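All remarks here apply to the structure that follows.
The values are calculated or read from the model by the stated rules, or taken from the named source; none is laboratory data. Here the structure is a predicted model, which means the values were calculated and not measured. For neighbour counting, all protein chains shown are included, and Cβ atoms are generated from backbone atoms with ideal geometry for every residue, glycine included. We work out accessible area using only protein heavy atoms, side chains counted, and drop any ligands, DNA or RNA first. Shrake-Rupley method; radii C 1.70, N 1.55, O 1.52, S 1.80 Å.
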Amino acid sequence: MPGGAAMPGGRPRGRRAAGGWVPCAALALGWALAAALGAPPPHRCRPDAALLPPPLRRLAGAALLRAAVPRLRGGWSPCQLYRYRPGPGTGTGPGTGPGSGSGAARPNGTGPCTRGWHYALPAAGLRSNLVTQWDLVCASRWKVPLEQTTHLLGWTLGSVAAGLACDRLGRRPAFVASLVLAVPLGLSVALAVDYVMALVTRLLFGAALAGAFLSLYVARLELCDPPHRLAVTTVAGFFWIAGELLLPALALLCREWRVLQGAVTLVLALLAACWWCPALLPESPRWLLATRQLERARRALAESGGADDGSCGQRSLLAELEALSEGSPQPRYHAVCEIFGTRVIWKNGGILGFTAFIGAGIRHCFTRNLAPHLPQFFYSYFVLVGTEAVACAFVCLTAERFGRRAVLLLCTVLTGISSLLLLALTQYLLDLIVLTLSVVGITASHAVAMLSIFFASEVLPTVVSRGFFLHHVVFASFAILAVLSIMLLPESQGCSLPQSLQDGEGQRRPPLFRRPPREDHLPLLASQRAACPPRDYSRLAASTKRVLGPPGAPRAT
């Protein structure tokens with residue numbers, strides 16, 4: 001195709017690419033917000049003079065602290081105060097306290113804090129967060145993981161609801177509606193008056209963010225042709241990482257958790273206002289064709305420059321549009337329950353869901369090993385974000401060259417080996433080796449989770465749209481099972497997205513590593529994309545007739 005022929009579609013393609021990338025940074029801010037809001041700062045009990053013997057109640061400063069708070073190897077006790085028994089000859093000097101003399105009052109035990117806690121702030125760049133706001137420490141420390149789990153539950157529920165909305169209403173309406181809902185919910189989190197209100201609003205806020213993420217992810221994939229699908233997704237991943245890197249700077253600027261929550265909500269509001277324009281994120285022509293909304297599909301292809309685009313994906317959409325235009329089809333919507341009547345799609349979805357679960361879950365085991373070596377919040381946070389960047393780059397460089405299945409298998413093997421070594425040999429290894437294995441495990445597990453989700457989007461129809469030792473043992477065992485399960489998957493590299501259940505059921509499992517073609521390879525008799533499901537070439541007949549014209553008409557040379 002001449003260079004000038006591709007120009008009309010160049011600007012719309014660039015605008016669509018930016019429209020699918022930039023929102024990832026804003027959504028990443030909302031996702032990473034949980035790390036800053038729930039970061040527990042170092043703390044200790046505030047001394048309570050009422051618990052001290054009368055002679056010790058006049059103490060102040062460091063002397064009062066020594067008399068009231070037990071001293072541990074790592075510092076002051078975070079959750080205990082001394083309890084005293086009355087004794088004869090109690091001293092009154094400034095050095096009076098535990099162990100100051102035989103006649104001094106001595107503690108006979110410890111008890112919980114009675115006057116609150118003193119926090120070493122700022123934590124994660126903030127002078128206050130959910131932990132300090134409602135004293136989520138000691139006996140109430142279980143409320144921090146409960147809040148984080150509730151936020152993740154919101155993402156799960158939001159993904160399910162957004163999947164139904166995407167299939168019924170379209171990708172763009174689901175994305176915009178999720179952003180619009182995220183704004184008042186984000187403000188409700190910032191204005192929460194107690195822990196229960198914060199818990200509920202964080203649940204709903206996570207659901208809205210998940211809806212925006214899922215609808216954007218599916219729309220971005222459906223607007224790409226197979227050769228550029230992985231690259232576009234990887235660039236979106238780097239925008240996500242950029243958003244995560246912006247969070248510490250924003251926290252240092254805002255200083256208070258309510259202001260930080262409001263700032264992130266303001267970013268989402270600006271995103272909703274700008275992305276209201278259809279030019280930045282048009283409706284997916286694939287979804288319009290799958291639901292047989294032909295007039296809207298024609299307009300979407302025309303607006304995206306589909307008529308002048310020489311890509312295989314656009315030609316396929318045009319051919320299918322011509323084939324469907326021969327009749328008068330009514331709009332047809334799909335339901336997720338249709339997947340339960342399939343065999344291959346159900347198997348692929350189960351395997352990839354299992355590997356994504358392993359990749360995301362086992363990361364917590366590796367993160368726990370980082371805590372003794374990287375006690376500061378920013379150190380561990382930047383290491384985690386850095387491993388995400390390395391995983392994105394690794395997947396981008398290898399999955400297009402060696403295939404999705406082989407790279408997913410390699411990353412799962414690395415995850416399992418790192419986990420087993422740390423599980424069995426942590427007490428015998430040097431700290432540097434433990435740290436290295438943890439970083440390798442985090443990187444590999446992130447690659448497993450990211451590639452599993454991307455792989456699932458390529459092999460599943462997008463019209464039907466996630467005690468510590470025991471925890472580690474379970475996930476290490478699951479990682480080995482995941483290695484065996486990946487061998488049952490097909491290869492999706494270079495294949496078109498399946499647009500129906502029949503396309504998904506037609507996928508076959510190829511050899512793990514492709515054999516180089518022999519010298520006598522005949523391209524007309526065999527195809528390098530044999531693993532892709534066969535296309536219905538009857539759909540191309542109408543497009544071919546339209547291009548060639550009626551019989552006897554002069555043909556272009």
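Of note:
- Accessible area of the range 355-406 belonging to carbon and sulfur atoms, whole % at 1.4 Å probe: 67 percent
- Residue ranges 427-435, 145-153 sort as 145-153, 427-435 when ordered by packing (mean number of other C-beta atoms within 10 Å per residue, highest first).
- Peptide ranges 182-193, 28-39 listed from the most packed, as the mean C-beta count within 10 angstrom indicates: 28-39, 182-193
- Per-residue SASA entry for T412, accessible area with 1.4 Å probe, Å² rounded to 10: 10 Å²
- Around the amide H of R292, modelled in the peptide plane, lie the amide H atoms of R332, all under 5 Å away and 5 or more residues distant in sequence or on another chain.
- Derived scalar couplings ³J(HN,Hα) [the range 239-254; Karplus, 6.51 cos²θ - 1.76 cosθ + 1.60; whole Hz; x for Gly, Pro]: 5, 4, 5, 4, x, 5, 6, 6, 4, x, 5, 5, 5, 5, 6, 7
- Across the range 377-386, coupling constants 3J(HN,Hα) worked out from phi with the 6.51/-1.76/1.60 Karplus curve, θ = phi - 60°, read 4, 5, 4, 5, 5, 5, 5, 5, 5, x Hz, and Gly and Pro carry x.
- Residue-level accessible surface for F377, protein heavy atoms, 1.4 Å, Å²: 50 Å²
- In Å², nearest 10: area of I358 left accessible to a 1.4 Å probe: 10 Å²
- Probe 1.4 Å, accessible area per residue of the range 330-426, Å²: 48 Å²
- With the simple spin-label model, which puts each label point 7 Å out from Cα in the Cβ direction, the C277 to V259 separation comes to 3.2 nm.
- Under a 5 Å amide H cut-off, with hydrogens placed 1.01 Å from N, Y84 pairs with N108 among residues at least 5 apart or on other chains.
- Placing a label point 7 Å from the Cα of A231 along the Cα-to-Cβ line, no residue of the range 404-424 has its backbone N under 17 Å from it.
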